[in-house]
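Trainee: One structure is given below, represented as structure tokens, and several questions about it will come after.
The values are calculated or read from the model by the stated rules, or taken from the named source; none is laboratory data. The structure displayed is predicted, hence computed values, not measured ones. A quick note on method: Cβ atoms are made from the backbone with ideal geometry, for glycine too, and the neighbour counts reach across all protein chains shown.
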Amino acid sequence: MTLLDLLLLIYVFVLAIFVGFELITKVPPTLHTPLMSGSNAISGITIVGALLSAGAEEFTLSTILGLIALIFATINVVGGYLVTDRMLKMFKKK
Amino acid sequence: MQVLIYLVYLFASVLFIFGIKRLGSPKTARQGNMLSSLGMFLAVVVTLFDQRVLTFEYIIIGVLIGSALGAIMALKVPMTGMPQMVGLLNGFGGGASALVAFAEYSHIMITPDIHVDLSTSITIVLSILIGSVTFTGSLIAFGKLQEIVTGKVVKYPLQHPLNVVLFLAVLVTGVLVVLDPTQINLLLIIAIISLVLGVLLVLPIGGADMPVAISLLNSYSGIAASMTGFVLQNNMLIIAGALVGASGIILTLIMCRGMNRSLMNVVLGGWASAGSGGPAASSGVQNKPVKSVDAEEAAMLFESAQNVVIVPGYGMAVAQAQHAVRDLANVLEKIGINVRFAIHPVAGRMPGHMNVLLAEAQVSYDKLYALEDINDDFNNVDVAFIVGANDVVNPAARHDQNSPIYGMPILNVDYAKTVIVNKRSLNVGYAGIDNELFYGDNTLMYFGDAKDAITKLVHEVKNL
């Protein structure tokens, strides 16, 4: 990765943070907990990296680390989305 | 194929953004969460076609174990346990990011023709640092909320110098890695120091400051995912992580504002020490008489009211009294009384904690009012009913400049015609100070465990 590549990635990072700020300031306090657990599930996106490491052809240290990362990330993703859905189901207006 | 994969990644990123956007209203929130999970599903499936993924045994094992554990946790956790659940999930996300960075490093080391360049080594170090701090920090937060670890403010000798030294040690070791990226031992050292740092940073934070800690760790878990995105040069990870990072930071700031404290003050475990003047300063009011009521008298007060506002706090969560509170609201509404709920931003142990509990008890969300939406209306309220809240309704925050909570936005319940406070005793709240509300002329204490006391109250109202 050249420094120029890195710079392009930083561009994306900074712009995405602005998008995040815009989106989240509009979330009402009543939904703050589901917002937290739902966004937390999104941070499990690191699962993609875990898949790449755990699925390597040769079994190495990288595979073991990848496997543990995969278990962690899957707990994060599956648990996060399910628990958020469980909460959101309860938010009703009579 | 790689092009197609990256197009799907782009699509998934868009789904995450739409998903969070739809989380902005209770009507669309569930759909938003589903859009976001669809994005995640697509991202996972398409990654299986990556040229680097050649064997599937470990992937199947990992996904099965992780899904089973995640699903069990998500379906079993009671709503009152939601803060620790979110804390734990943050930790898994952060830990996964650190591990992926580590795995990627060892992958590069054994792959001929690729070497670790400057940008890669910097991002690997950052990813391991943030991910590891998030991991152990979240475990400690979980322990505190689950009451395995003390919820009190923990002070240890040389707290601040020690943390600074450890942080500098990570930086120096990080620079050494960047200079000589072949040293895997150095990365291990960084990981170990960062894990210790996570413990030390969260340990001093007291129970009622957990909303800030959880929000902050949520933000870290996102930034850790972003850093892993830098390591893998994957824009989707960077975007998704940045969204979560921003979300966590915003919630953190809202929580700090709710307590009128700076982030530094909370993170350094400040309030309790600032409150050292508290017990002494409060001894003056302690001798004042307190008026108390029993269930029957309280029921009569409610019955003659037109406007009732219920103010829940962490005590409601501890006593699991949300269903009893709902029953009370229902019987009052049945006899024509207008019942609303006032929710302080830092009530409970995480942002929105009270809202989730009341939603569980099937209280309509349009009856829940945020501080700024109801505070001007307390003059028109006949009965303000406090259930397990303390510091957030202490009028001292408005006028007593010597109070440690001076300046904190509070719910002006003392402006109501009558205030009924349900509490087990006159014990102090988290800030460690006496609450002058309890001694107010229009305040009546209704002592007892929230669940039992309110159930009794509901019974009395029905019998009137």
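Trainee: In contact with a Gly (Cβ under 7 Å, 6 or more places away or on another chain), crowded, with 23+ Cβ neighbours inside 10 Å and modelled with pLDDT of 95 or more - does that describe any residue in region A:81-92?
Mentor: yes
Trainee: Working carefully through the options B:246, B:305, find the one that is in a loop (DSSP other than H, G, I, E, B) and either within 14 Å of chain A (Cβ to nearest Cβ) or at pLDDT 85 or above (or both).
Mentor: B:305
Trainee: Further question on the same structure: Please name all residue pairs, on different chains or six or more residues apart, with Cβ atoms under 7 Å, provided the first residue is in region A:1-22 and is facing another protein chain (nearest Cβ under 7 Å) and the second residue is assigned to a loop (DSSP other than H, G, I, E, B) and surrounded by fewer than 13 Cβ atoms within 10 Å (Cβ to Cβ).
Mentor: Matching pairs, first to second residue: none at all.
Trainee: Answer yes or no as to whether residue B:146 is more than 14 Å from chain A (Cβ to nearest Cβ), surrounded by fewer than 16 Cβ atoms within 10 Å (Cβ to Cβ) and in contact (Cβ under 8 Å) with a residue 24 or more places away in the chain.
Mentor: Working: more than 14 Å from chain A (Cβ to nearest Cβ): yes; surrounded by fewer than 16 Cβ atoms within 10 Å (Cβ to Cβ): yes; in contact (Cβ under 8 Å) with a residue 24 or more places away in the chain: yes.
Taking the combined requirement at face value, the residue satisfies it.
Trainee: Which members of region B:420-464 meet the condition of being hydroxyl-bearing (Ser, Thr, Tyr), assigned to a strand (DSSP E or B) and farther than 17 Å from residue B:392 by Cα?
Mentor: Within region B:420-464, B:446 is the sole residue that qualifies.
Trainee: Another question, if that's okay. Condition test on residue B:384, is it touching a Ser or Thr at 6+ places or on another chain (Cβ under 9 Å), of a type outside the set (Phe, Trp, Tyr), buried (at least 24 other Cβ atoms within 10 Å of the Cβ) and at pLDDT 95 or above? Steps first, please.
Mentor: Numbers: touching a Ser or Thr at 6+ places or on another chain (Cβ under 9 Å): yes; of a type outside the set (Phe, Trp, Tyr): yes; buried (at least 24 other Cβ atoms within 10 Å of the Cβ): yes; at pLDDT 95 or above: yes.
Yes; evaluated as a whole, the condition is true for this residue.
Trainee: Something else about it: Only residues in region B:119-133 that are on the phi < 0 side of the Ramachandran plot and in contact (Cβ under 8 Å) with a residue 24 or more places away in the chain count as the first member; pair them with residues that are surrounded by 24 or more Cβ atoms within 10 Å (Cβ to Cβ) and of a type in the set (D, E, K, R), Cβ under 9 angstrom, at least 6 apart or cross-chain, and list the lot.
Mentor: Sorted first by the residue in region B:119-133, then by its partner, the pairs are B:120/B:104; B:124/B:104; B:127/B:104.
Trainee: Filter the helices (runs of 4 or more DSSP H) completely within region B:1-115 down to those with at least 2 residues that are more than 7 Å from every other protein chain (Cβ to nearest Cβ), within 29 Å of residue A:19 (Cβ to Cβ) and in contact (Cβ under 8 Å) with a residue 24 or more places away in the chain.
Mentor: So the answer is B:2-22, B:29-47, B:82-110.
Trainee: Here's a follow-up. Taking residue B:351 and the conditions (1) outside any helix (DSSP H, G or I); (2) more than 22 Å from residue B:426 (Cα to Cα); (3) more than 12 Å from chain A (Cβ to nearest Cβ), which numbered condition does it fall short on, given that it satisfies the others?
Mentor: Among (1) outside any helix (DSSP H, G or I); (2) more than 22 Å from residue B:426 (Cα to Cα); (3) more than 12 Å from chain A (Cβ to nearest Cβ), the lone unmet condition for residue B:351 is (3).
Trainee: Going by the conditions given, is residue A:63 within 16 Å of residue B:43 (Cβ to Cβ), within 7 Å of chain B (Cβ to nearest Cβ) and either modelled with pLDDT of 95 or more or surrounded by fewer than 24 Cβ atoms within 10 Å (Cβ to Cβ) (or both)?
Mentor: no
Trainee: Which condition breaks for residue B:224 when tested against (1) touching a Phe, Trp or Tyr at 6+ places or on another chain (Cβ under 8 Å); (2) modelled with pLDDT of 95 or more?
Mentor: Result: residue B:224 passes all but (1).
Trainee: For region B:206-240, how many residues are at the interface with another protein chain (Cβ under 7 Å from one of its Cβ atoms), assigned to a helix (DSSP H, G or I) and without any contact (Cβ under 8 Å) to a residue 24 or more places away in the chain?
Mentor: Of the residues in region B:206-240, 3 are at the interface with another protein chain (Cβ under 7 Å from one of its Cβ atoms), assigned to a helix (DSSP H, G or I) and without any contact (Cβ under 8 Å) to a residue 24 or more places away in the chain.
Trainee: Quick one: residue B:180 ticks every box in (1) under 30 Å from residue B:258 (Cα atoms); (2) assigned by TED's automatic domain parsing to the domain that holds residue B:134; (3) of a type in the set (Asp, Glu) bar one, so which box is it?
Mentor: (1)
Trainee: Right, another one. Which of the residues belonging to region B:89-123 are crowded, with 24+ Cβ neighbours inside 10 Å and hydrophobic (A, V, I, L, M, F, W, C)?
Mentor: Across region B:89-123, the qualifying residues are B:89, B:92, B:96, B:98, B:99, B:100, B:101, B:102, B:103.
Trainee: Out of everything in region B:7-24 that is modelled with pLDDT of 95 or more and of a type in the set (Gly, Ala, Ser), what residue ends up being surrounded by the most Cβ atoms within 10 Å (Cβ to Cβ)?
Mentor: The residue in question is B:19.
Trainee: While we're here: Among the residues of region B:326-340, are any assigned to a strand (DSSP E or B) and within 14 Å of chain A (Cβ to nearest Cβ)?
Mentor: Within region B:326-340, one or more residues are assigned to a strand (DSSP E or B) and within 14 Å of chain A (Cβ to nearest Cβ).
Trainee: Of the residues that sit in region B:249-268 and are part of a helix (DSSP H, G or I) and more than 22 Å from residue A:27 (Cβ to Cβ), which one is modelled with the lowest pLDDT?
Mentor: Among them, the one singled out is B:267.
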